[in-house]
Amino acid sequence: MRRIRPRRSPAVPLLLAVWAGAAGVIWLWWSNTPSIADDNSKILNAGRITGLLAGYLMALVVLQMARVPALERRVGSDRVARWHAMSGRYTLCLVLAHLVLIMYGYALQAGNGFGAIVQQTVDSVQQLPDMGKAAIGTGLLLFIGFISIGALRRRIPYDLWYHVHLLTYAAVFLTFWHQISTGNDFAVEPTAKTVWYGLYGSVTALALWYRVLVPVRLNLRHRMRVEAVIEETPGIVSVLISGRKLHRMGAEAGQFFRWRFLAPGMRLSSHPYSLSAAPRPTMLRITVKAIGDHSAALRDLEPGTRVWAEGPYGALTAARRSRGKVLLVAGGVGITPMRALFETLPGASGDLTLLYRANSTQDLALWDELAGIAEERGARLMYAVNSPDGERPDISAETLRRKLPDIDSHDVFLCGPPGFAQQVYEALRGAGVPARRIHHESFEM
């Protein structure tokens, strides 16, 4: 325990690098803009800079989808997903601004007004090189952005949304070429063109390697199959997955894989589920609550069913720990990574505490296992469930301080639905736990 060396997240250096890249894009635009004399010039140059920034962000959007281990396992998959969503929104706004400003500037050059933008767009698509591809790519980006709107996204089946979202790769590929062929900055700056090719080429190579080649190698090497399916509580099952030399996958307690079960009706579905026990050389286990078609179908899996996995992902591991005492907080099926950490985190008697939030005692999955681990390790196990009349338990700063008077000297690992995670995070901050010692991943139930 004296040798605890927390692995810091590289999020801040990465964000600084992103901003430095954006500054470089702005410098490229500025150095190639000798003067902005009239309104038409202002509009066209505004269209240029929004286009350059949109192109830069598109490369970052693909990078955030590439599942690079430095991002997925060091920054955290949920945080990278939020970056991806935010980058996507900014990209769409910049693409629309670029389209409107450039076409309006071209229309003014032709002696027309704002009302001629549509005709100017049609003419540009027909006359300028690679603009047809760009138009299709822009349409795909707008469609993907539309179905990703929160209210609409929640109404679309996950598998449909996931596969449509993959069209982002096609959209970026189609829009790339007009940046090179019609972009004034790349025509006058060969070095800038080389850098742009290098940026997109590197991102493409990372996506192909980590999204395609690495998963193929992993599954050919480990050859995973369903060993057994065990019902833990009504609606919650554990799936035991066997394979060869699974300890060489590099998985840690607290991480998850994206699982594809090659059974009828499930071959096209890939869903993320956390490991609910420490990885063994010949066995992995996930525990899943039936909250959708895919998760409900897991209970009917037959032993011997082939399994295709991608991962491991997630930064909610022991490497984030910086203190001897640890509080684990789980909400719902967020118990799965917490159970694995509860079993494996080093600690003396009294160092570990697990708080498990569920709607009722019947929903406390893996409770017998948790009680056995707590007894064996001298750890503390608490649960918070609704009262018989449905009243929710109080998880506030005062309650946490009363249960753990020294909570401000703990590391806290937190996993659960977004609303629950936000509530507990605020309570922990109010109880005096520094933000740097609250390690959390949230997900949609």
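The values are calculated or read from the model by the stated rules, or taken from the named source; none is laboratory data. A quick note: this is a predicted structure, and the numbers were derived from the prediction, not measured. Cβ sites come from the backbone with ideal geometry, for glycine too, and all protein chains shown count toward neighbours. Side chains are part of the model used for accessible areas, which takes the heavy atoms of the whole protein and leaves out ligands, DNA and RNA. Shrake-Rupley method; radii C 1.70, N 1.55, O 1.52, S 1.80 Å.
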Subset of the range 226-239, residues under 17 Å from A251 (Cβ atoms) and open to solvent by 70 Å² or more (accessible area, probe 1.4 Å), comes to E227
Condition test on D123, is it in contact with a Phe, Trp or Tyr (Cβ under 6 Å, 6 or more places away or on another chain) and open to solvent by 30 Å² or more (accessible area, probe 1.4 Å)? no
Are there any pairs, at least 6 apart or on different chains, whose C-beta atoms fall under 7 Å, with the first in the range 305-328 and touching a residue at least 60 places away in the same chain (Cβ under 8 Å) and the second in a loop (DSSP other than H, G, I, E, B) and of a type in the set (S, T, N, Q), and if so, which? G311/Q255; P312/Q255; Y313/Q255; G314/Q255; A315/S9; T317/Q255
State whether one or more residues within the range 54-63 are open to solvent by less than 60 Å² (accessible area, probe 1.4 Å) and among the aromatic types (F, W, Y). yes
When you scan the range 240-257, do you find a residue that is farther than 25 Å from G332 by Cβ, touching a residue at least 60 places away in the same chain (Cβ under 8 Å) and of a type in the set (F, W, Y), even just one? no
Residue identified as assigned to a helix (DSSP H, G or I) and in contact (Cβ under 8 Å) with a residue 12 or more places away in the chain among A97, A17, A116, A23: A97
In the range 285-296, which residue that is buried (at least 17 other Cβ atoms within 10 Å of the Cβ) and out of contact with any helix residue (DSSP H, G or I) (no Cβ under 6 Å at 6 or more places or on another chain) is modelled with the lowest pLDDT? H294
Filter the range 168-182 down to the residues that are open to solvent by 50 Å² or more (accessible area, probe 1.4 Å) and of a type outside the set (G, A, S) and list them by number. Y169, F173, W177, T182
Need the failing condition index for R377 against (1) in contact with an Asp or Glu (Cβ under 9 Å, 6 or more places away or on another chain); (2) open to solvent by less than 40 Å² (accessible area, probe 1.4 Å); (3) more than 22 Å from T287 (Cα to Cα), just the number. (2)
Applying the selection to the range 326-356, what residues are outside any helix (DSSP H, G or I), more than 16 Å from G416 (Cβ to Cβ) and either in contact with a Ser or Thr (Cβ under 7 Å, 6 or more places away or on another chain) or open to solvent by 10 Å² or more (accessible area, probe 1.4 Å) (or both)? P346, G347, A348, S349, G350, D351
Restricting attention to the range 130-158, and to residues there that are under 20 Å from V61 (Cα atoms) and of a type in the set (D, E, K, R), which single residue is modelled with the lowest pLDDT? R153
Being touching a residue at least 24 places away in the same chain (Cβ under 8 Å) and either open to solvent by 20 Å² or more (accessible area, probe 1.4 Å) or assigned to a helix (DSSP H, G or I) (or both) is the filter here; which residues of the range 404-425 pass it? D406, I407, D408, S409, P417, P418, F420, A421, Q423, V424
Which listed residue is in contact with a strand residue (DSSP E or B) (Cβ under 8 Å, 6 or more places away or on another chain), polar (S, T, N, Q) and either at pLDDT 95 or above or open to solvent by 60 Å² or more (accessible area, probe 1.4 Å) (or both), from S274, S242, S202, S270: S242
Failed condition for R89, given (1) within 36 Å of the chain's Cα centre (by Cα); (2) farther than 20 Å from T138 by Cα; (3) touching a residue at least 24 places away in the same chain (Cβ under 8 Å): (2)
So, L44, is that one of a type outside the set (V, I, T), more than 21 Å from T191 (Cβ to Cβ), open to solvent by less than 50 Å² (accessible area, probe 1.4 Å) and part of a helix (DSSP H, G or I) or not? yes
